[in-house]
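A short write-up of the structure that comes next.
The values are calculated or read from the model by the stated rules, or taken from the named source; none is laboratory data. Because the structure is a prediction, the values reported are computed rather than measured. Cβ: placed from backbone, ideal geometry, glycine included. Neighbour counts: every protein chain shown.
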Amino acid sequence: MSLTTHDGIGSAVDQERPVPARRSERPAFDRPLHVGTPNIPDRRRLFERISQALDRGWLTNNGPLVREFEDRLTQLTGAAHVLATSNGTSALEVLVRARGLTGEVIVPSFTYVATVHALQWQGLTPVFADIDPHTGTLDPAHVRRLVTRRTSGIVGVHLWGRICPDDELRAIADEHGLGLLYDGAHALGCELDGRAVGGFGDGEILSFHATKFINAFEGGAVLTNDPELAERVDRMRNFGFGPGREVLTFGTNAKMNEISAAMGLTALEHMDEITAANALRHEHYRAGLLGVPGVRLRAPGPGERSNHQYVVIEIDATVTGVHRDRLLAALHQENVLAQRYFHPGCHRMRPYAQRADVHMPLPLPGTEALAERVLVLPSGPAVTPHDVDRVCEVVRQVLGAASAH
C-alpha cells in the first residue's frame, strides 16, 4: 500500500524537500510499536471468570457476566440503561433502527467507516457534514444547512474522546424533530463540564473492540436514558423477543457473549491505571514534541476530561516541508507503526465517492484539511515512556533533517 497516495485531495507532496535516510540501517525499534495494542488485564482473574462461565454452561443469552458488565457500565457512566452488544457496529445499527430513523441521516465524513456503514446497512442515506477543524467534531452550522424534509436524524462522533457540541446539536434536532445519536466508540470515561459520555443525545454507543483502551475482545453497548428506547434496543438485539419469548418486533442477533463480558469486566477493574498510563504517555509526547515547528499535539479542551486513548498530532507541511505521509513512511521504517485517522474521509472512499446522492453538498474543507494532516502515534501501557521519548526523537530527526536539507 502506498503511503503517499492522496486520493486527489490536492496536497503538495511533489514540492516537498526529500527526507534523508537515517545513517543507521537498523530501525529505531527492534519490535513494532502499534497504535491500539490490546491492553491485557489480570489474566488470572480473566481465566477465573471464563472458567466460572464454562462451569455454569451459560455462555450467551444474557448471562450473569453480561448483566454484571452492564451494571458496571451503568455505575461508571451514569446512564439509566446500558445494553451490551456483540460489537460497536451492531450497537449503532440496532440503535438507529430502534430510534426509528429513516431517509437521510446527517453524519460526519471524518470518522471510521463503520459509523457510516452502519447507517447505509440499515437502508439509510448518509449525508456527510463537515467538522470544526479545531475539535474534529460535527460543525453545527453545517449540520443546520443540511437538514431537509427527508432528514430524520443526526449521528455525531465523539472524535478521539472529544465530545460533540451537544447543546447546539440538540437545539437543531429539537427544532426539526430529529433523532440525535452519538458514536462514542472512542469516549468511554470522557466528560464535558461534568457530564459523562452515556448521557448525551437520545442514545450513544460504545465500542469494546480489541484496539480500544478497554476491550472485551470484541463488544459494544448502547446507552440511553430513555426507557422506551432501551426496551426496543433490548428486543431488537435478541431477534425481537419480548417477555415469554414472544416475538414482538423485527430483530437481529447482536448479543454479547459471556467470554467477552469476562474480558470487559476484568479490563474495567484496571480502567483507572490504564487511563493514568495513557495520560502519562500523552504528557511525554507533549514534552518530547514541544517546540517542533509545524507539529501540533491535540489536547483536551476546557471543561473536558479525556481517557487519552489516542495521541494525535497534526503536521503542517507548509512549515515542516514534509507532508504527513512522508513522515509516516519514515516512522514505519523505524518500526513506529503510526496511522492516518481518518484518511481520506468517508466521502472519498469508493462506495460513497461513486454515489453523489449520499454526500451532497460538497465540499468538506475542514474534513479534507484534517485528513491530510493527522497522525496517531503509538501509546498505551504497552508503550513505555522511554519508547515515547525515542519516537519523539525520530520525529525530530526526520523533520529536523528535512528542514536543514
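Observations
- Residue tally, condition surrounded by fewer than 22 Cβ atoms within 10 Å (Cβ to Cβ) and β-branched (Val, Ile, Thr), over region 83-115: 2
- When region 173-198 is filtered for residues that are touching a helix residue (DSSP H, G or I) at 6+ places or on another chain (Cβ under 7 Å) and within 28 Å of Gly380 (Cα to Cα), the ones remaining, listed by number, are Asp183, Ala185, His186, Ala187, Gly189, Cys190, Ala196, Val197, Gly198.
- Every residue from region 371-397 that is in contact with a strand residue (DSSP E or B) (Cβ under 7 Å, 6 or more places away or on another chain) and within 22 Å of Asn215 (Cβ to Cβ): Val376, Leu377, Pro378, Ser379, Val383, Asp387
- Residues that are more than 21 Å from Leu73 (Cβ to Cβ) and surrounded by 21 or more Cβ atoms within 10 Å (Cβ to Cβ) within region 160-171 comprise just one, Leu169.
- From the list Arg144, Arg150, Arg170, the one residue that fits, being in contact (Cβ under 8 Å) with a residue 12 or more places away in the chain, in contact with a helix residue (DSSP H, G or I) (Cβ under 8 Å, 6 or more places away or on another chain) and among the charged types (D, E, K, R), is Arg144.
- Segments classed as helices (runs of 4 or more DSSP H), wholly inside region 291-405, with at least 2 members that are more than 25 Å from Ala118 (Cβ to Cβ) and not assigned by TED's automatic domain parsing to the domain that holds Thr151: 317-320, 324-333, 365-371, 385-404
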